[in-house]
Structures are given as structure tokens and as C-alpha cells.
Amino acid sequence: MTTPARVLTAALLLAALAASAPTAQAATRCPVPKVAWKLEGRKVCAKAPPGHRRALPLNAALAGSWIPSASKTAPGGRTLVPQPLRRAAPRLAQTATTLAKRILALPATPRLRLRAAGGRGRVVLVDEVELDRKVQPDGTVVISKGKATVFEDESKDMTAEIEARSKDGRTRLIYRPTMDDLQSARPEVGCPTADGVVTTSSRFSTGGTAIALNGGRVLSSRTHRETFSVRGRGQVGRDARLASVDAVATYHLERFERGLQYEIKASLPARVSRDGAPVISGTPSVDVRVRALGYTAAEERAYERETAAAVVQDTNIVKTLTWQADEIRDALVIAERTWYEVPNNCADVVFTPHTDIEQGQKVAVEGFTSTREGDVESPGTITVTSVGRGGFDTIKAQTDPGDRARFTATGAAPDENRNTVYADVIATSMAGRARGFYSGFAKDVKLPKTFTGTVSSNQTTGGAGATWAGTATYTRTSLTRLPDGTVRGWYDLTAASLSNARSWLGPSAGCRTEATGTGGRIDAGDLEVFLRPDGRREYALHYDVKLTTTFGPVNCPPGVPLPSYGGDIAAVVHSRTQADLQTGGGLRPVGADLRIAEQGLSGILGAAGMDVTADWSLTPAD
């Protein structure tokens, strides 16, 4: 059975009960199983209070529906509403729900999402419309009207009215249904507290007001309203699942008309497990209030006692109230996904400390679960789901305020993000579930901004040679961590000058073509420095400076035709061989103080075809 249908059934049962309360003789039996009720300030499960001789006539007066009540001045009085109009009255009730649904469908335009400081904001739309008009064969007109008021926050107030009008238009029967039942939605549920408490409430009303008028004079008016309300306090367990709900369900029946005010309030506390049926957990209570014209206070009190006793004994009341507790439990079970599914906005998992963890180092880590809002620690359990780098071993998974979960983190070789430990976890707690991670990092490695010093080389072949010395400044342009954790600093040659340079073609001591000079321009040059995770430090150097000058004959006898020509002295040296350039090998060690120096290094690359010997000395600087 759907929720509206179940609510309507419960409402009809309670209305029928209120209209036909049993006598004191029938009140001697208790429901089975027995239920203790609070009646007039005391617990009872015994013979009901005695009735009164005039209680039954009053009860009979209440038993009539709103139609005859609205059509007559009093029970047995003269009919003031014409018979055709009274025959049209049932059509009003049949039309009410359809009309209300049509009003709810009215567009909320413009659809603003503003929220004024005072609440709902200003009215942005009022829509009044006549939705239906039917003329009966006897001339009675039935009119359906609706009105929607839309506020800045997009909330609406809706009213509906169904009017039956006599042929001459003087006599009217108007029905205004309560709209709360159609506008109600599933209760809103927030996040659990750190102790796992999650609360919600629900309230809606059904009924309406009937008015009979003759011209501008009100002949009769009746309001009948039934309000169902329930407050739920759920308890979430350490597994982040709803465990149980404590609910207080209340039913409130109100009937008001000329000469009569009539109210029943019944309240029942119940506990509902996640998958079980509601169980009464406290003392239910019932309260009846009647004020009727023409009856004494003693007669009113007698009827109140009699009706209250009838409510106590009727199992339908218990079923209706426990059904409300069951509904609020269902609402909390449905809302459970808001704190159980991850990610969510309810819970967090926190580790301390997040610290530098070098390769091979072990660090004790604590973890705890908390509410996302307020960061209040919550009892729970942290489960390691995967370890992507290093080690993350569970010592104690359960966490409580003051006694947190404990782990041991072990560092591995750092990756390109300096991670030495990385582990994914899922935390379940009374505040909800959370997905998180723990990460440890290698210390941030710093390399100097520059290397500055000297580079020199002697390069010869069978018919040519060069010897030179110069200065060099290498400036860092990037700092990169490679996948294996190696830190690579890249330096460009940004300043260089040859302090002396000599290049020749021919024998080095006889007649030859030769050029000398100082200065020059940078043609290329770089320095790579590698810091390995295991502590090794390596480098590769390239120096390439060109000096444009004039080559001319030297030590040649007269008449030897050696021409002069312009050209470059190439001051070029690599710390690697040609094979090293292909494989990426040939890296040389860096000193502990990051000083880069070589003396008499041979077998490396220089100018094309030359045998190379080189020296350099570079000092780091920031």
C-alpha cells in the first residue's frame, strides 16, 4: 500500500473511532499484548473511568459527516442548503485531490535561487486560476479554483477551493482542502554526529474546511484536520550502518465548527531496529479535549474520559502510531547512503603525522575518523585497502577518541612526486564512512643555482691541434624528480670566455697555420647533475665556445705560400664518449661537497677527430 493510501486509511480509522467511542462497559478490556498508557496523568491498563448518561448523545452528534453538519444549523435542525446543492457536496471532496495536484503543477517562474535574510524572501509570483467549471442538470454549478504563491527561494504556498453554487447563485457550499499532505516530501536527514546520532522529523496534515453560505451569511462551517507527526533519533554503529531508531509518533485530530471544538492527541514512543518491527519503548499517552455548546463541563469531561479510554484499548491506534515510527526508520535507512557511500560530506579520516620518510626509514603513524564539520573524533575502524609505495602495516585498526588506530609506515625509494609511502584506506565510523590515504615524502632536495669555475683542454691529431682554457658559469633551469626517485638538475651554460686559446693546422713546432685569441661566444653547453635515491651523485658536462679569429702562417721560411684565412677556434669538450651519448651512460661522480672537478681526463669527446685531455673545476653557489 502506498504511503498516501496508508495515511488515508489510518486517518479514516481514527476519525471513525473518534465518532463512535465505546461505552465504559466496553472499556474493561486491554489490548493483547497489554500496553500501559498514560491516561490523565497515570498509567492504566484496567477498567476505564465511568461514563456519563449524556455522553452517547454527544457522541452521536459528532458522528455526522461534514456535509450534513455544514448543511444544518444543528443535529435535527431545519435544512438551510437546498437539496440539489447538498447532493453536489460529494463531488467537492472527489475533486479536491485532483485540483490540488494541478495547483502544484503551476510553474514557479521566474525560478530564482535567492534566499532573503528573513526566510523565504519576497513573493515573485502569484497565480490565481479557475481550473474547472461544471453545470449540473439541475442548474447547480461546481467551480474549482486554485492559487499559487511563489517565493524567492522557490517554495510555494498553494490553496484550493471547490465551490458548489445554487442555480440562483445565493446559496453556496465551499470546500477548501488542506494541502500539506500533497506538498509534503520525504524528511530531510543530515549527517550523523560523532556519536552516531542522526535525527529527522516528519509532519503533514490532511482534511479541509467546509462552509455553507446564504448570500453573505455563513450558515455553517466545519474544519476537520488530522496531523501526523513523528520525531526520529537514529543510532549509527561503528560500521557506519543505521542500527536502530527511537521515535515518538503523534496523531492529532481536530474538528471545529459552530458550537463545537474537539481534539484528540495520541503519542507513542517506539524503538525500531534496522530490519525489525517497531516495539513500544515507553509509555504511550492520549489526551482528549471537547468543548460543546449546550453541554455542561462535567458532561464534556465524561466524554473526554470515555473517548480516551477507547483510544487506549483500540489496537488500530497502536498500529497507526507504530507505522509512523516504521516510516521514519525507512526514511533514515534511505538517507544512510548520504554518509555511507564515499565520497560524502559527513566523515573524514585523518593521519598524523604526515612527515618526511626517507627510504628504509620506519615511522609510527596514528589515524582517526572524525566528522567533516567540526572535526570531532568518532569511534570507528580504519582498513588499509592498498599500498602503492613503501609499507603501511596495521598495528591497531580500531580508533576511539583518546585511543587512535596505529600503523607503521616504511619508506621506499621516492617517486617523481617524492612519495616514499602511499596507502589507500577506507574508514567506517559512527560519523559515516570516508575514503582517504596516507603519504610520506622524501625530503625536498635542493641543488645549487649555479656552478662556476674553469675548463681547459689539450686536443691533438696527426696534422692539427688546439689548446685552450676558459671560464664557465652553469645556471640551473629545471629540477626534476624521475620515476625512480632520482633528482635531476639541468644547467645551461650561461656565461663563458676563453682566457687563452691556440689552434693550428700542420706540425705543432714547424711551419704551420695558426690562430690565437681570447674571448669567444657560447655555441652550446650544459651540465646535468643527478642525485640518486641511494645517495650517489653523478654529473655530465658539455662545454662549447667558439672564438672567431684569423689563421695565418707561423714559422714558415720565405717563399712558402701558406695563405691567411678567417675561422673559429673550437673550444669543445664533453665528459662522455660518443657511445655514452647513445646510451645515456658515462656519468661521472660528484664530490660530497657538490664540487665538480676532473684533472687529466682523457678518452672523451672534443673537437672532431681529436685526442682529448681535459681539466675542469666547478664550484656550486646559490
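Residue-by-condition table, conditions (1) over 30 Å from residue 204 (Cα atoms); (2) in contact (Cβ under 8 Å) with a residue 12 or more places away in the chain; (3) open to solvent by less than 20 Å² (accessible area, probe 1.4 Å):
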site	(1), (2), (3)
328	no, yes, yes
350	yes, yes, no
366	yes, yes, no
392	yes, yes, yes
401	yes, yes, no
405	yes, yes, yes
*Report the residue count in segment 486-510 for those that are surrounded by 15 or more Cβ atoms within 10 Å (Cβ to Cβ) and assigned to a loop (DSSP other than H, G, I, E, B).*
2
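Just to be sure, is residue 460 in contact (Cβ under 8 Å) with a residue 12 or more places away in the chain, open to solvent by 60 Å² or more (accessible area, probe 1.4 Å) and of a type in the set (Ser, Thr, Tyr)? Before the answer, list the steps.
Working: in contact (Cβ under 8 Å) with a residue 12 or more places away in the chain: yes; open to solvent by 60 Å² or more (accessible area, probe 1.4 Å): no; of a type in the set (Ser, Thr, Tyr): yes.
Here the answer is no, as residue 460 does not meet what is asked.
Every residue, every condition in (1) modelled with pLDDT under 90; (2) among the basic types (Lys, Arg); (3) touching a Phe, Trp or Tyr at 6+ places or on another chain (Cβ under 9 Å); (4) on the phi > 0 side of the Ramachandran plot, yes or no:
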{"site": "179", "(1), (2), (3), (4)": "yes, no, no, no"}
{"site": "185", "(1), (2), (3), (4)": "yes, no, no, no"}
{"site": "197", "(1), (2), (3), (4)": "no, no, no, no"}
{"site": "203", "(1), (2), (3), (4)": "yes, yes, yes, no"}
{"site": "212", "(1), (2), (3), (4)": "yes, no, no, no"}
{"site": "223", "(1), (2), (3), (4)": "yes, no, yes, no"}
{"site": "232", "(1), (2), (3), (4)": "no, no, no, no"}
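Do we have any residue at all in segment 372-382 that's open to solvent by 30 Å² or more (accessible area, probe 1.4 Å), among the hydroxyl-bearing types (Ser, Thr, Tyr), over 30 Å from residue 249 (Cα atoms) and in contact with a strand residue (DSSP E or B) (Cβ under 8 Å, 6 or more places away or on another chain)?
Going residue by residue through segment 372-382, those that are open to solvent by 30 Å² or more (accessible area, probe 1.4 Å) are 372-377, 381.
After this cut, where a residue has to be among the hydroxyl-bearing types (Ser, Thr, Tyr) as well, the list is 381.
Then keep just the ones that are over 30 Å from residue 249 (Cα atoms); that gives 381.
Keeping just the survivors that are in contact with a strand residue (DSSP E or B) (Cβ under 8 Å, 6 or more places away or on another chain) gives 381.
Within segment 372-382, one or more residues are open to solvent by 30 Å² or more (accessible area, probe 1.4 Å), among the hydroxyl-bearing types (Ser, Thr, Tyr), over 30 Å from residue 249 (Cα atoms) and in contact with a strand residue (DSSP E or B) (Cβ under 8 Å, 6 or more places away or on another chain).
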_Neighbours by Cβ (under 8 Å, 6+ apart or cross-chain): first from segment 307-319, more than 19 Å from residue 278 (Cβ to Cβ) and hydrophobic (A, V, I, L, M, F, W, C); second open to solvent by 10 Å² or more (accessible area, probe 1.4 Å) and assigned to a helix (DSSP H, G or I)_ = 310/17; 310/26
*What do you reckon, is residue 337 surrounded by fewer than 17 Cβ atoms within 10 Å (Cβ to Cβ), of a type outside the set (Val, Ile, Thr) and closer than 18 Å to residue 193 by Cα?*
yes
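Of all the residues that make up segment 275-289, how many are touching a Ser or Thr at 6+ places or on another chain (Cβ under 9 Å) and open to solvent by less than 50 Å² (accessible area, probe 1.4 Å)?
Step one: filter segment 275-289 for residues touching a Ser or Thr at 6+ places or on another chain (Cβ under 9 Å), giving 276-280, 284-288.
Next cut, open to solvent by less than 50 Å² (accessible area, probe 1.4 Å) only: 276, 278, 284-286, 288.
Within segment 275-289, residues that are touching a Ser or Thr at 6+ places or on another chain (Cβ under 9 Å) and open to solvent by less than 50 Å² (accessible area, probe 1.4 Å) number 6.
Confirm whether residue 306 is at pLDDT 90 or above and either surrounded by fewer than 19 Cβ atoms within 10 Å (Cβ to Cβ) or not hydrophobic (A, V, I, L, M, F, W, C) (or both).
Details: at pLDDT 90 or above: no; either surrounded by fewer than 19 Cβ atoms within 10 Å (Cβ to Cβ) or not hydrophobic (A, V, I, L, M, F, W, C) (or both): yes.
Considered against the rule, which asks whether it is at pLDDT 90 or above and either surrounded by fewer than 19 Cβ atoms within 10 Å (Cβ to Cβ) or not hydrophobic (A, V, I, L, M, F, W, C) (or both), residue 306 comes out as no.
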*List every residue pair whose Cβ atoms lie under 6 Å apart, where the two residues are 6 or more positions apart in sequence or sit on different chains, the first residue falls within segment 232-254 and is acidic (Asp, Glu), and the second residue, located anywhere, is open to solvent by 10 Å² or more (accessible area, probe 1.4 Å).*
239/428; 246/233; 246/271; 254/225; 254/263
*Exactly one of (1) in a helix (DSSP H, G or I); (2) modelled with pLDDT of 90 or more; (3) not acidic (Asp, Glu) is unmet by residue 312. Its number?*
(2)
_On the basis of being surrounded by fewer than 19 Cβ atoms within 10 Å (Cβ to Cβ) and not aliphatic (A, V, I, L, M), does residue 411 make the cut?_
no
*Within segment 136-151, count every residue that is touching a residue at least 40 places away in the same chain (Cβ under 8 Å), outside any strand (DSSP E or B) and open to solvent by 20 Å² or more (accessible area, probe 1.4 Å).*
2
*Which ones in segment 292-301 are touching a Leu at 6+ places or on another chain (Cβ under 9 Å) and surrounded by 14 or more Cβ atoms within 10 Å (Cβ to Cβ)?*
292, 295, 299, 300
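The values are calculated or read from the model by the stated rules, or taken from the named source; none is laboratory data. Note that this is a predicted model, so its numbers are computed, not measured. Quick reminder, even Gly has a Cβ in these numbers, built from the backbone with ideal geometry, and neighbours come from all protein chains shown. Ligands, DNA and RNA are stripped out before the accessible areas are found, and what is left, the full protein with its side chains, is counted by its heavy atoms. Shrake-Rupley method; radii C 1.70, N 1.55, O 1.52, S 1.80 Å.
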